[in-house]
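Heads up, the thing below is written out as structure tokens.
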Amino acid sequence: MFAGDKAAYEKLYDRYAPLVRAVCYDTTCNLADAQDLAQDVFMRAYEKLDRLRNRDSFGKWLVGIARLRCKEWQRRKFQSQNNNARLTEVQAVVPEKPDDSRIELLRKMITTLPEKERLALHTFYLQGNSAETARRTMGLSRSGFYRVLERARNRLEKLMLEEQENIR
Amino acid sequence: MKTPLDKDLNKAYESFNQNHNNLRQKLTASLPDRSKQHKRAGRISHLLAFTGENIMKNRMTKLAAAAVIIIAVMLGINYIGGSPDGASVAWADVLEKIEAARTLTYIFEIEKGDIKEVFKTRIKEPYLQRNDVIESPSDYKVSMRNAGSNKRWILYPNTKTAVVNNDEGSGGDEIRAYERLKKDFRDGTEKNLGRVKLNGRDAICFEFSKANTKITVWADPNTALPIQIEEISEENGDIKKVVRSDIRFDVEMDDQLFVPPADYSIVDLATQRVQTPFELTEKHLIEGLAVYPKYLDGKFCTRYIGGRPLTEEVRKKCKAEVEKIESWSDEEANKSTLGCAFIEHLPEGSDFQYVGEDVKFGDANTPVCWWRPPGSKTYRVVYGDLSIRDVEPGDLPEVPWLKK
């Protein structure tokens with residue numbers, strides 16, 4: 001009986017989980033933690049579905065929950081860093097194995113962009129490069145969305161260029 | 001046509017799809033069965049509606065307009081007309097009261113999307129702010145700021161602990177937000193909307209329109225004191241609403257309200273030091289150590305203010321342990337903090353060593369840690385059963401990583 005609900009929620013998960021992971025990654029800078037946080041976000045969203053007033057804004061609502069969960073994660077991290085400084089030294093330090101240094105750098109650079117621009121990139125590149133879907137998730141007009149996306153891309157290109165010059 | 005940056009971005013974002021099917025399966029398996037709490041049909045249709053591709057633009061617009069009306073009705077805001085000429089209070093009178101106040105309290109509600117937080121806020125000009133949580137998804141109860149010394153405290157009453165950190169203008173800084181609001185109030189752009197009813201009470205209403213924000217102030221027509229201040233703004237397509245209500249000016253406030261109570265332990269995140277209002281003893285160390293076996297399969301942790309040197313392998317092991325203890329309670333976290341504090345407060349030359357990695361809880365023969373109390377020839381050794389015995393220096397086990 002309940003399978004119907006879960007199946008529908010799976011569809012939502014397929015559509016939005018990569019986006020939520022990307023939003024969480026902006027805080028964790030670590031893919032494994034971002035995946036864990038995203039799972040938690042979907043659990044919480046499921047619990048709170050009845051509180052969602054406008055069903056069309058599910059994506060925006062989910063991103064809001066993700067941001068809040070990220071703040072909690074940060075606070076808990078600070079707390080546990082203090083509670084057991086020696087144990088938690090590892091939390092921020094363990095590096096992920098870079099798959100491709102340029103791509104890895106690009107991912108890190110995205111986390112340094114202003115929030116709105118980050119979200120524009122996440123929504124666009126994680127939702128099939130569709131500006132229409134992305135702008136809906138962000139609640140922007142088409143032209144407004146393109147402006148933000150363009151700004152993000154320009155800034156990113158500049159940052160990558162600067163970084164490459166520094167490496168040289 | 002895709003540029004090289006597009007290609008790189010698509011590749012960078014691929015990583016967020018890693019392990020997706022497996023993660024989906026795990027999530028679905030752990031979703032609670034709430035069928036008893038919800039009507040099945042309603043719930044399924046509610047969920048399936050989200051997955052529909054069509055966005056009904058007109059309906060959304062209608063919904064948005066309806067929402068504004070509903071919010072106004074819920075708040076009891078009732079514009080009953082009236083002209084500025086009929087108002088007995090001018091904005092200058094209200095502003096004068098606001099500027100003159102040295103302290104104020106109000107109920108602070110912030111709502112963005114479906115997330116709502118409510119606090120009782122106290123401000124003592126020019127630096128002090130305190131928020132007592134009334135409704136929030138967060139787990140703390142009180143936060144305090146001193147904008148003069150740039151310190152922020154979060155209080156955890158159940159463990160009588162205050163966590164203090166440097167406050168570098170982070171979010172939720174209401175004292176600065178209130179200062180910005182006052183600046184807006186001085187810019188001469190107010191519109192007097194005349195007499196209105198607010199929750200059945202007579203009020204004079206003033207409105208300010210900023211770039212993305214509408215600010216409305218309701219003031220008492222007799223005293224010119226603000227009753228309620230509301231800010232509605234748009235951020236990334238989300239409507240953010242901030243309401244300050246039940247505003248009271250010049251309430252007497254003791255400075256002690258803005259510092260942690262004297263019987264609280266202070267955890268300073270900047271210096272990583274803990275100050276306690278009581279003497280730290282062996283009992284605190286034992287209680288701190290005792291927290292871990294419950295979460296680590298009956299064993300003590302790998303490092304506890306000391307232990308095996310931090311190699312990459314040790315870091316990974318510690319990280320896995322941190323993940324396991326993430327669900328500990330505030331009380332358990334506090335016990336661990338006080339145990340660490342006991343070690344950190346040991347005088348120089350105490351020669352503390354932690355060797356508890358993988359020691360089983362209850363093992364009465366294997367040491368977990370030791371130290372030499374001031375002036376003592378023997379060491380205090382804690383064993384796996386958390387008993388403490390005095391041991392001669394020559395009888396201490398060899399520490400592998402200290403071997404020469």
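What follows draws every value from the coordinates through simple rules; no lab data is involved. These figures come from a predicted structure and were not determined experimentally. Here the Cβ positions follow ideal geometry from the backbone for every residue, glycine too, while neighbour counts run over all protein chains shown.
The HN-Hα couplings worked out from phi for region A:28-34 by the Karplus form 6.51 cos²θ - 1.76 cosθ + 1.60 (θ = phi - 60°) are 7, 6, 8, 5, 5, 5, 5 Hz, whole numbers, x standing for Gly and Pro.
Coupling constants for region B:302-311 follow from the phi torsions by the Karplus curve (6.51 cos²θ - 1.76 cosθ + 1.60, θ = phi - 60°), and in residue order they are 6, 9, 8, 6, x, x, 4, x, 7, 8 Hz; glycine and proline get x.
Near B:K151, the amide H atoms lying under 5 Å from its own belong to B:N146, B:D167; only residues 5 or more places off or on other chains count, and H is placed 1.01 Å from N.
Are any of the pairs B:K191/B:K241; A:K60/B:K191; B:K7/B:K210; B:K183/B:K241 more than 31 Å apart by Cα-Cα distance, and if so, which? Display every interim value, and only then the final one.
Values: B:K191/B:K241 20 Å; A:K60/B:K191 33 Å; B:K7/B:K210 40 Å; B:K183/B:K241 19 Å.
Table pairs above 31 Å Cα-Cα are A:K60/B:K191; B:K7/B:K210.
Work out the mean other chain Cβ neighbour count within 10 Å for the residues of A:102-110 and drop it here as an integer. Don't jump to the answer; show the numbers that get you there.
Working: counts 3, 8, 2, 2, 6, 7, 1, 1, 3.
Average per residue, whole number: 4.
What does the average come to when, for each residue of peptide B:18-31, you count the partner chain Cβ atoms lying within 10 Å of its Cβ?
Numbers: counts 5, 4, 6, 1, 1, 8, 7, 1, 1, 11, 7, 1, 4, 10.
Averaged over the peptide's residues, the number is 5.
Backbone phi angles across region B:265-270, fed through the Karplus curve with coefficients 6.51, -1.76 and 1.60 (θ = phi - 60°), yield HN-Hα couplings of 7, 10, 9, 9, 5, 6 Hz in residue order; Gly and Pro are listed as x.
Among the residues of B:112-118, the average count of other protein chain beta-carbon atoms within 10 Å of the residue beta-carbon is 5. Relative contact order of region B:78-249, taken over Cα pairs closer than 8 Å and 6 or more residues apart, is 26 percent. By the count of other C-beta atoms within 10 Å, a proxy for reagent exposure, B:S136, A:S101 are ordered fewest to most as A:S101, B:S136. Taking other C-beta atoms within 10 Å as the exposure proxy, A:E150, B:E109, B:E252 rank B:E252, A:E150, B:E109 from fewest upward.
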